[in-house]
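Undergrad: One structure is given below, represented as structure tokens, and several questions about it will come after.
Readers should treat all values here as calculations from the given coordinates under stated rules, not as data from a laboratory. The structure displayed is predicted, hence computed values, not measured ones. Positions of Cβ are backbone-derived with ideal geometry, glycine not excepted, and every protein chain shown enters the neighbour counts.
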Amino acid sequence: MTASLILEQLLNGVQFGVMIFLMAAGLTLVFGVMGLINLAHGSLYMIGAFASAAVAAFTGSFFWGLAASLAAAAAAGVLVEALVMRRLYDRDHLDQVLATFALILIFSEGTRWVFGSFPLYLDIPEVLSGAVPIPGGGQYPVYRLCIIFVGLAVGVLLYWLIHHTRLGIRIRAGENDREMIDALGVNISKLYTAVFAIGAALAGLAGAMVGAIQSVQVGMGEPVLILAFVVIVIGGIGSIRGAFIGSLLVGVTDTMGRFLLPEFFRLFFDPAGATAAGSAIASMAIYLLMAVVLIFRPSGLFGARRVES
Amino acid sequence: MDDPVLELHNLSKSFGALRVTNDVCLKVERKTIHALIGPNGAGKSTLIGQIAGSILPDSGQVILDGEDISNVSVAGRTRRGLARSFQVSAVIPDFTVLQNGVLAVQGSRGIVYRFFRPALGEGAVVDQARTRIEAVGLADREHVPAAALSHGERRRLELAMATALDPKIFLLDEPMAGIGTDGSEEITTILDGLRHTAPVLLVEHDMDVVFRLADMVSVLVDGKILATGKPAEIQENPDVRRVYLGEDFEF
Amino acid sequence: MNRELLLNFAIGLGLPLVAGVALLLDEPFVVTLATRVAILGLAGVGLNLALGLGGLVSFGHAVFFGIGGYAVGVLASHAQLYTPVMTWPFEISGSSSMPAIWLVAIVASALAGLLIGALSLRTSGVYFIMITLAFGQMAYYFAISWPAYGGEDGLSIYVRNSFPRLNTLVPFDFFVVAYCVLLCAILLFSRVAISPFGLALNATRQNLARVQSVGIETYRLQLTAFVLSAVITGLAGALYADLNRYVSPSMLSWTISGEIMIFVILGGVGRTWAPVLGAAVFVILEQWLGGVSEYWQIFLGVILLAVVLFARGGLYGMIAGEARHHG
């Protein structure tokens, strides 16, 4: 095990984390502002990936695909918000879960209908296809570094958006008190649509970027959605900062766990047993992390401690 | 008579930079109605929450009948004899009046982990619940869902639930809040009778009621106890008049 | 007799009637479908205890369903190979007897329910939903990456496990087994719902603080309900594995959790027989729409969406009106 290998895995972990962050940020915003739990967020991720794969194949340009993913996911988000979500804001979480679960069925099967069951593939664009040397003598793909960069940029952008723009002020006001925001004379339904569209676009972006390293297929969104939930539980609901730190924790823990645990078990077991035990435990690592956070901080690392009113 | 049922020793609580309870000491003696008054935002509800256990103080102790209950859960405090009513009426809306009463009796008797007999088939429990419901004048409303009761009736149901717990002390957070004058007369009568069963710590805004009922009054201002004394003493206390009531306030 | 009671009878008698008529007409496939309804309904009855009575929106009940399934798979595979399941600290041998397997399924899902419930119930509301979903996913990935019992491929159960005096390989006999278990669970649910425990649990759903302030420890109460709920769903999983003679990680997948929830909500949350009705409608839609289009789940999604948005209270709410007041 060389230093460069460890560094490479670490970068992979960060890249994975950054991608989960793009999902978790939208989810946590939507929950924080509208009090809505949206299971169909994974579908928006999938829509982004399919749109980008289809448009990239048609135009031959990855970047057109990327733009299409943002547009398609945001459009789907706006549509879903207007048709379904609006009726759910005042409902209890059970109704929200069920309605958005129904949306998953519709989106997933609808996509299968249009694109078929076979996965699509999206190529990494020429300009980003190389690798750069990293300390310790290894090489690391430029494309993955780009994902990390984009994720960090989105994080900074969101921070700026929430703390330094009018929209951000409204979002923060909406998180605290829906009536207050009404009193401020803000058009609440426009605000909700805007927040939903931003969240959807971020999910679509994540889907498109990941589409170039994994295959694009129906059902790709839900595992990431559940990871984003884990992130939100760890970071605290409604907190972008919590989502960011939680995402990196989850990404790095998962990647390093899969990499290091089998190595670790090799010290005690025969190779086959070590691989089996190591990978089985590693598959649970992030959930164990979540359980530990829950034991010590039931409302997450950055979640507001609930105060009885 | 220094044998208090409830003692608060130096309770303090801050939310961020805001000190909502500041070194509060208080004793509630037996057979008394002890009123806690104070302007809005004085920290009365937070204090009640700390006594009931739903808010944990940063420091200080709560002693119930000689036992330190500072680290006991809400339910544990109730079982030890602390019956609380809420500022915003808190009954189980889908349950009938009787079911609400039965729930309280179940809690006080520790009858919860029975799975196979109907709750309303437990004769002794139901009888006790009925007695308490009759005592607040809701006997003929027994089968009405709590959600369909008038506001005043709901407050009475809450008092019935509190008495069903056979507590050592009642902790009543604005039992009159939101009801009209005719309703408040009935509740005043009920409250007046309560002191014979157990002492009452009463948070109330209606000064008429406070000075008619209370044997002792404490004034809470900015999270601090400004004064404690007999109603007459409080009425004459210049600090209270200045800070809380305004110079030319007449009781 | 009120409409709810009538509907209960219609479902309770209709299911064995369908199976019986199918037996006479020699349609074993329909008998198997009826068995599927009974088993899926059983899983829903389990969830309904936590969700309907306690208001605990668990999106992780597939864990218990899957554990029940794996109890069957593991014990049966060891019985087939004549190897012990474990030798330390005490020896457990494989088994192909349903009652013995059920006992293991019950104990295993109770332990899992205790563990997951103890952690998840530290939170509430939307956190609870996400956490139960996450623990479900954990179990799923664990089953995939643990190679000893088939990993991703799952385990086949070559001969359906046995039940005294019955030939479980005969579809109708197995239906009788499943239906009787369902009846027991329904009986349990209906008794618990009106018991002192059920009253308190029902109250926690409506006003947690109030229940604490009458001296009841709500955490323990909810945890007990969660474990009870897990056990029933676990038992359903055991039956399901025997029905299919196959168990795989897909029994643990989050979509199963979602489907169990659909049975409950499509039927009508908190009503005793509602999950069975929900499961029946689900199975019928699956058969009927599945024949019409390969993409039948689109229609399922639309129907589900319509039920949530426009028909609150599910099918029971539509047919029998609002839920009667508790007790």
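Undergrad: Can you show me the helix-derived [θ] at 222 nm for chain C, built from DSSP H runs with n ≥ 4 at -39,500 (n - 2.57) apiece and divided by the number of residues, rounded to the nearest 500.
TA: When only DSSP H runs of four or more count, the value is -23500 deg cm²/dmol.
Undergrad: Let me ask something else about it. By counting other Cβ atoms within 10 Å of each Cβ, how are A:I169, C:I262 ranked from fewest to most?
TA: Final ranking by Cβ density, sparse to dense: A:I169, C:I262.
Undergrad: Where a Cα-Cα gap under 20 Å defines reach, which lysines qualify for B:K224, not counting those fewer than 8 residues away within the same chain?
TA: Output for B:K224: B:K13, B:K27, B:K44.
Undergrad: Let me ask something else. FRET efficiency for B:S73 and A:T165, Cβ-Cβ distance as r, R0 = 30 Å, nearest 0.05?
TA: 0.10
Undergrad: Residues of B:135-143, mean number of Cβ from any other protein chain within 10 Å of their own Cβ, rounded to a whole number?
TA: 0
Undergrad: Once the other residues with Cβ under 13 Å from the Cβ of C:L51 are scored (Lys, Arg +1; Asp, Glu -1), what is the net sum?
TA: Around C:L51, the charge tally is 0.
Undergrad: Assuming R0 = 45 Å, what is the FRET efficiency of A:L5 and C:T83, from their Cβ-Cβ distance, to the nearest 0.05?
TA: It comes out at approximately 0.70.
Undergrad: Oh, and also: Relative to the first principal axis of the alpha-carbon coordinates of chain B, what is the inclination of helix B:181-194, with its axis defined by its Cα atoms, in degrees from 0 to 90 and to the nearest 10?
TA: The helix B:181-194 is inclined about 90 degrees to chain B.
Undergrad: If packing is taken as the average count of other Cβ atoms within 10 Å, what order do C:225-236, C:306-317 fall into, highest mean first?
TA: C:225-236, C:306-317
Undergrad: Okay, moving on. Which one, A:C146, A:Y89, A:L44, projects farthest toward the positive side of the charge dipole computed for chain A from Cβ point charges (K/R +1, D/E -1)?
TA: With unit charges placed on the Cβ atoms, the residue in question is A:Y89.
Undergrad: May I pose another question? How do C:S293, C:S120 rank when sorted from fewest to most other Cβ atoms within 10 Å of their own Cβ?
TA: By the 10 Å Cβ count, ascending: C:S293, C:S120.
Undergrad: Near B:H9, within a Cβ-to-Cβ distance under 10 Å, what is the net charge of the other residues, with Lys and Arg +1 and Asp and Glu -1?
TA: -2
Undergrad: Given the Cα atoms of the range A:16-296, and with Rh set as the inverse mean 1/r over their pairs in the Kirkwood sense, what is Rg to Rh to two decimals?
TA: Ratio of gyration radius to Kirkwood radius: 0.99.
Undergrad: Using only Cα atoms, locate the centre of the range A:25-63 and the centre of the range A:257-279, then give the distance between them in Å, rounded to an integer.
TA: One Cα centre to the other: 36 Å.
Undergrad: Still on this model: Fewest first, what order do B:D173, B:D192 take by the number of other Cβ atoms within 10 Å?
TA: B:D192, B:D173
Undergrad: Just check the range A:170-300 against the gyration tensor rule for me: Cα atoms, a ≥ b ≥ c as the square roots of the eigenvalues, rounded for a/c under 1.5, and otherwise prolate or oblate depending on whether a/b exceeds b/c.
TA: oblate
Undergrad: Among B:D215, B:D166, B:D58, which one moves the most in a GNM of chain B with springs linking Cα atoms closer than 10 Å?
TA: B:D58
Undergrad: Something else now. Over the protein assembly as shown, what is the percentage of antiparallel beta bridges among all DSSP beta bridges, to the nearest 5?
TA: In the protein assembly as shown, DSSP labels about 65 percent of beta bridges as antiparallel.
Undergrad: Taking Cα pairs under 8 Å and at least six residues apart, what relative contact order does chain C come out at, in percent?
TA: With pairs under 8 Å counted, the relative contact order is 33 percent.
Undergrad: Shifting gears a bit: Under 11 Å from the Cβ of B:P231, count the other residues' Cβ atoms, weight Lys and Arg +1, Asp and Glu -1, and hand me the total.
TA: Taking every Cβ under 11 Å from that of B:P231, the sum is -1.
Undergrad: I need the shape label for chain B. Rule: rounded when a/c is under 1.5, else prolate if a/b > b/c, else oblate, with a, b, c from the alpha carbon gyration tensor.
TA: It is prolate, given that a/c is not under 1.5 and a/b is the larger ratio.
Undergrad: Relative to the longest principal Cα axis of chain A, at what angle does helix A:142-164 sit, 0 to 90 degrees, rounded to 10?
TA: Roughly 30 degrees, rounded to the nearest 10.
Undergrad: Another question about this same structure. If each of C:F29 and C:E152 carries a label point 7 Å out from its Cα toward its Cβ, how far apart are those two points in nm?
TA: Label at C:F29, label at C:E152, 3.1 nm between them.
Undergrad: Quick check on chain B: of the DSSP beta bridges with both residues there, what percent are antiparallel, nearest 5%?
TA: 55
Undergrad: Which one, B:L149, B:L202, B:L18, has the greatest fluctuation when you compute a Gaussian network model over chain B with C-alpha springs under 10 angstrom?
TA: So, out of B:L149, B:L202, B:L18, the one fluctuating most is B:L18.
Undergrad: Under 1.5 on a/c is rounded, so check that first for chain C, then, if it is not, pick prolate when a/b is larger than b/c and oblate when it is not; a ≥ b ≥ c are the square roots of the alpha carbon gyration tensor eigenvalues.
TA: It is oblate, given that a/c is not under 1.5 and a/b is not larger than b/c.
Undergrad: Could you tell me the distance between the Cα centroids of the range B:158-184 and the range C:1-40, to the nearest Å?
TA: Between the Cα centre of the range B:158-184 and that of the range C:1-40, the gap is 52 Å.
Undergrad: Given q = 0.08, 0.10, 0.11 Å⁻¹, what are the Debye log10 I(q)/I(0) values for the protein assembly as shown, with equal point scatterers placed on the Cα positions and solvent ignored?
TA: For the requested q values the scattering log ratios are -0.83, -1.21, -1.36.
Undergrad: With angles folded into 0 to 90 degrees, how steeply does helix A:221-235 sit against the dominant principal axis of chain A? Use alpha carbons for both and round to 10.
TA: For helix A:221-235, the angle is close to 80 degrees.
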